[in-house]
1. Take the conditions open to solvent by 50 Å² or more (accessible area, probe 1.4 Å) and at pLDDT 95 or above and apply them to ARG334. Does it pass?
2. If you go through the range 426-449, how many residues are in a loop (DSSP other than H, G, I, E, B) and either at pLDDT 95 or above or more than 32 Å from the chain's Cα centre (by Cα) (or both)?
3. If you go through the range 516-525 one residue at a time, do you hit one that is farther than 30 Å from ALA312 by Cα, modelled with pLDDT of 95 or more, touching a helix residue (DSSP H, G or I) at 6+ places or on another chain (Cβ under 7 Å) and acidic (Asp, Glu)?
4. What residue, among those in the range 361-391 that are of a type in the set (Lys, Arg) and at pLDDT below 95, is nearest to the chain's Cα centre (by Cα)?
5. Are any residues in the range 127-156 in contact with an Asp or Glu (Cβ under 9 Å, 6 or more places away or on another chain) and either β-branched (Val, Ile, Thr) or open to solvent by less than 20 Å² (accessible area, probe 1.4 Å) (or both), and if so, which ones?
6. Tally up the residues in the range 351-399 that are within 19 Å of ALA434 (Cα to Cα), in a helix (DSSP H, G or I) and in contact with a strand residue (DSSP E or B) (Cβ under 9 Å, 6 or more places away or on another chain), please.
7. What are the residue pairs meeting all of these: first residue in the range 351-364, first residue farther than 17 Å from GLY335 by Cα and open to solvent by 50 Å² or more (accessible area, probe 1.4 Å), second residue in a helix (DSSP H, G or I) and of a type outside the set (Gly, Ala, Ser), Cβ atoms under 7 Å, and 6 or more apart or on different chains?
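The values are calculated or read from the model by the stated rules, or taken from the named source; none is laboratory data. Nothing here was measured: the structure is a model prediction, and the numbers come from that model. Using ideal geometry, Cβ is built from the backbone for each residue, glycine included, and neighbour counts are taken over all protein chains shown. The accessibility values were calculated without ligands, DNA or RNA, using every heavy atom of the protein model including side chains. Shrake-Rupley method; radii C 1.70, N 1.55, O 1.52, S 1.80 Å.
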Amino acid sequence: MKPMDDISPVEQHKHFRLETDRDGIAWLTFDRAGSSTNTFSAEVMQELAAILDELATRKPRGLVIRSGKSSGFIAGADVEEFTRIESTADALAIVRRGWDTFNKLAAMPFPTAALVRGFCMGGGLELALACRYRIAVDEPGTRFALPEVMLGILPGWGGVMRLPRVVGPQAALDMMMTGRAVDARRAKRMGLVDASVPTRVMDNSARMMVLEAPKPREPALKDRLMNGPLKPLVARIALRQLEKKARREHYPAPYAILELWLKHDGDPFAPPAGDPASIAYLAQHPTTRSLIRIFGLQERMKSLGKESDFAAQRVHVVGAGTMGGDIAAVCAMRGLTVTLQDQSAERLAPAMMRAAELFRKRIRDRLRARDAMDRLIPDVSGDGARHADVIIEAIFENLEAKRELFARLERIARPTAILATNTSSLKLADIGTALADPARLVGLHFFNPVPQLQLVEVVAGERTDPEWARKGAAFVRQIDKLPLPVKDAPGFLVNRVLGPYLLQAFKLVDEGIAKETVDAAATRFGMPMGPIELADTVGLDICAAAGKSLAGEGAAMPKSLSTLIDAGKLGKKSGEGFYRWVQGKPQKGPAGEPSEDLTNRLIEPYLAEARKAVEEGIVADADLADAGLVFGTGFAPFRGGPLHFMAQRGS
């Protein structure tokens, strides 16, 4: 490299481009070679460290770090390297590279700024925190997060040390212990960034920030106290909240984050190797390996949505019930124009109200929420089907009604439009008999609640053209959900596996075991919700209908279930089912401590059915079954999926 007064206009490295403007500001653009996303590999980190060493010698007037990718700023560490960790030394080496490099950035003798447009995750945020200033571009895709906890690890490149100093311990611990993301405006309000600016002025804003070099924001008095003498109190409160959500033996990482902040000021090399807050401990923990495995499976499902270049602009949803209305709202929230059809304005009104509430909570920007609402169009006449790229049927589970509807839709739909059903129990082969071209019919089975659950089963019937199924998967990714290709069979994968599990739970209640104890057995195993509470949430009538579809009309219904249905107690939606529901929460009595035998009796039918589904080819392989059941049913992620769990225990 040349001295500062003779520097070339552009210096091209393998992964970075360095330019110096007329004001003497160095602009370092990160554009990882051979990748659509910026991530930190060992090679990238080595190159960055060398560039920082040179800049420390040159002493430019300032440094701005930005992304050369349209996809976002920086996604964090290269997770592929974590999958190759074979020893504690490997894990510590990865942490050491980032820790030393970002400490070098933080010690630069001139102003430094991170210009963040798009996602800024994990190591990307840790790099930004090591800069003196952070400028966020106020766009919908700009998000900040430290999601390492979701992989069973912790932010080891300075995040645990720097984030509490910047935003205060309460906000920092919440972000680190949950992995929760914040948008540009929220980041500005909490002090994570120094400015939130429009796209058109982003470069100039970064330039002026570095040139003017204002004094960094002083933390509020309460944050200084909570980072100082009140630290133990803050930690106790955070620990009590954490213990309600996650068991230490199942998920050690959030506990490690708390301990590392409290006892070691975020220094990942301070705890001894055997300490539960140490990198060495987490790197070798079974939960970490399982969560990294689940991350890899999630990436595989995302790739299934890239096998077609199909992209929708308009969606038509028929049926404004809970499922149909929420599917329409999610599509509108993702930028698509959506027409929502039902028989009358009165039937459409509740769905529109739910959508408005969803947009208010998720988008948090009045103008953007209004834009999303404008994209969701009530359509009693159903005329929107003529112009849609995707038509989704979400009416009640009645075969003849669905056949009649699809016969009408096919006559008016564009020949390039996907015809999709959200059926949860009927075979596509049976629905498709009403179509002149049944090859177009695809199943897109969403799960309730649609805004929360990522999985969508993409069902190919016997006569479905594989290209239409690939288009369906591409659409699922377009609305930021995870496509899982499944065979057209009763219950597909998720409901087929849930059926025996719920049935077993009802039988245990019939035996006289308290419903609270049954639910506690499931959550002790690691499920996010017990099966009885889940049944109440889904709706007991829907559970019964799905059970009949899977087991046959002649199958006996559990007494506890039939008694409640006969009394009109259908669960959460009616205010009472197995539990009484108050303000959306089940009112539970004491559960007692469930025995290991009870837990095994409850879980074994789930595991057995998952194995059968793989053996029968409902999904392509055991890995996809694990992914589908983790993201579709919440199967304990720290166990790596049901098939993986059975393999690990040797069954």
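1. Answer is yes for this residue.
2. Residues of the range 426-449 that are in a loop (DSSP other than H, G, I, E, B), as a first pass: 426-427, 435-437, 446-449.
Filter once more, keeping what is either at pLDDT 95 or above or more than 32 Å from the chain's Cα centre (by Cα) (or both): 435-437, 446.
So the answer is 4.
3. Checking the range 516-525: at least one residue is farther than 30 Å from ALA312 by Cα, modelled with pLDDT of 95 or more, touching a helix residue (DSSP H, G or I) at 6+ places or on another chain (Cβ under 7 Å) and acidic (Asp, Glu).
4. Of all residues in the range 361-391, those of a type in the set (Lys, Arg) come to 361-362, 364, 366, 368, 370, 375, 386.
Narrowing the set further to residues that are at pLDDT below 95 leaves 361-362, 364, 366, 368.
Values: LYS361: 16, ARG362: 14, ARG364: 18, ARG366: 24, ARG368: 21 Å.
The extreme case among them is ARG362.
5. Once the filter is applied, which keeps residues that are in contact with an Asp or Glu (Cβ under 9 Å, 6 or more places away or on another chain) and either β-branched (Val, Ile, Thr) or open to solvent by less than 20 Å² (accessible area, probe 1.4 Å) (or both), the range 127-156 yields TYR133, ARG134, ILE135, ALA136, THR142, PHE144, LEU146, LEU154, PRO155, GLY156.
6. Residues meeting the conditions: 2.
7. As it stands, the answer is ARG354/ASP326, since those pairs meet every condition given.
One line per residue, one yes/no per condition, for (1) over 25 Å from LEU358 (Cα atoms); (2) modelled with pLDDT under 95; (3) open to solvent by 10 Å² or more (accessible area, probe 1.4 Å):
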| site | (1), (2), (3) |
| --- | --- |
| PHE406 | yes, no, no |
| THR416 | yes, no, yes |
| ASN422 | no, no, yes |
| VAL459 | yes, no, no |
